[in-house]
Amino acid sequence: MAELLEAGKLRLVEVAAPVVRGRTRVAMDRAWQEAVRANPSLFDGPVAVCAGLSREAPDTLLVSWSRATYRCFALRRVPGATVPRSLFVSVVQPTEDGRVLVGRMSASTAAPGRRQFPGGSVEPPTGDEPLDEHALRRHAAVELAEETGIDLPAADLTRCLVTHGEDGQVGVHYLAPPLPAPLIHERFEALVAAEAARGRAPEFDRITLVGSPAELPGLAGPHVTYLEPVLRWANRRVGS
């Protein structure tokens, strides 16, 4: 399960990157190479990982983060290794009748078959750009467009929750404006067709509009830990 946190402000502070040395580094590299052989679409690009989460003031959450690459998550396969914690964004996209979009990750992704909201790991900024609330919101809007075809201005997204998982993962969740269900399906189908024309698989191979947490057991496959509690929150907030 995941703890749901609300705050008026979110402050992000960069800290030193984790260092992996010796045998642990060798084991991590070996595990990453095995993962790439199993799924050649994996890419060792830059990623921001969570170094800590605390409440800085009654209305402010402080997120400490550091720079790494996706290779570091191969430490999950190394016994006894300290695994970096994910920092990710997601978007709660409701329909006008109160349902919420849930996607299923395609076979080409790192988590095939997993059910989740549109979203993904946070990428560190380049140059002098800060990693702040505006950057997270922009990233969430990009993820929504890339995974569902729903292209919204970042300003239309409202931060609603921060989740803190039992494994230390931190998610920043945004609420999108309601859209007609037929439009959501239309945008997704257009995205799938466009990706097929480019010879690529979409990140989601299926979307489902879910009306309540009671429907989740009927969705086959693994679910992210934050899905049920955030959906329960959304059901109270936007459900019919």
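A simple packing score, the average count of other Cβ atoms within 10 Å per residue, orders the peptides 34-44, 204-214, 73-83, 131-141 as 131-141, 204-214, 73-83, 34-44, with the highest score first. Projecting the Cα atoms of GLY113, THR148, LEU75 onto the dipole axis of the chain, where Lys and Arg carry +1 and Asp and Glu carry -1 at the beta carbon, places LEU75 farthest toward the positive end. Full extension of the chain between GLU6 and LEU179 yields a length gain of 59.8 nm, computed as 0.36 nm times the residue separation minus the alpha carbon distance. Using the Cβ-Cβ distance between ASP151 and GLU228 with R0 = 22 Å, the FRET efficiency computed as 1/(1 + (r/R0)^6) comes to roughly 0.20.
If I take every Cα pair under 8 Å that is 6 or more residues apart in the chain, average their sequence separation and divide by the length, what percent do I get for the relative contact order?
Relative contact order comes out at 25 percent.
Binning all Cα-Cα separations of the stretch 156-235 at 10 Å, short to long from zero, yields these whole-percent fractions: 14, 35, 40, 10, 0. Taking only the alpha carbons of the chain, we obtain Rg and Dmax values of 17.8, 55 Å in that order.
Could you compute the FRET efficiency for ALA197 and ARG114, with r as their C-beta to C-beta distance and R0 at 30 Å, rounded to 0.05? For R0 = 30 Å, the calculated efficiency reads 0.70.
The residues of the chain expose, per residue, 49 Å² of accessible area to a 1.4 Å probe. Each pair of Cα atoms in the stretch 1-121 enters the Kirkwood radius, and Stokes-Einstein at 4 °C and 1.567 mPa s then converts it into a translational diffusion coefficient of 78 µm²/s. Estimated purely from DSSP H runs of n ≥ 4, each contributing -39500 (n - 2.57), the mean residue ellipticity at 222 nm for the chain is -8500 deg cm²/dmol once divided by its residues. If R0 is taken as 35 Å, the Cβ-Cβ distance between GLU129 and ALA214 corresponds to a FRET efficiency of 0.25.
The values are calculated or read from the model by the stated rules, or taken from the named source; none is laboratory data. Quantities reported herein were computed from a predicted structural model and do not represent experimental measurements. Please note: Cβ atoms are built from the backbone with ideal geometry, for glycine as well, and neighbour counts cover all protein chains shown. Keep in mind that these areas ignore ligands, DNA and RNA; they rest on the heavy atoms of the full protein, side chains included. Shrake-Rupley method; radii C 1.70, N 1.55, O 1.52, S 1.80 Å.
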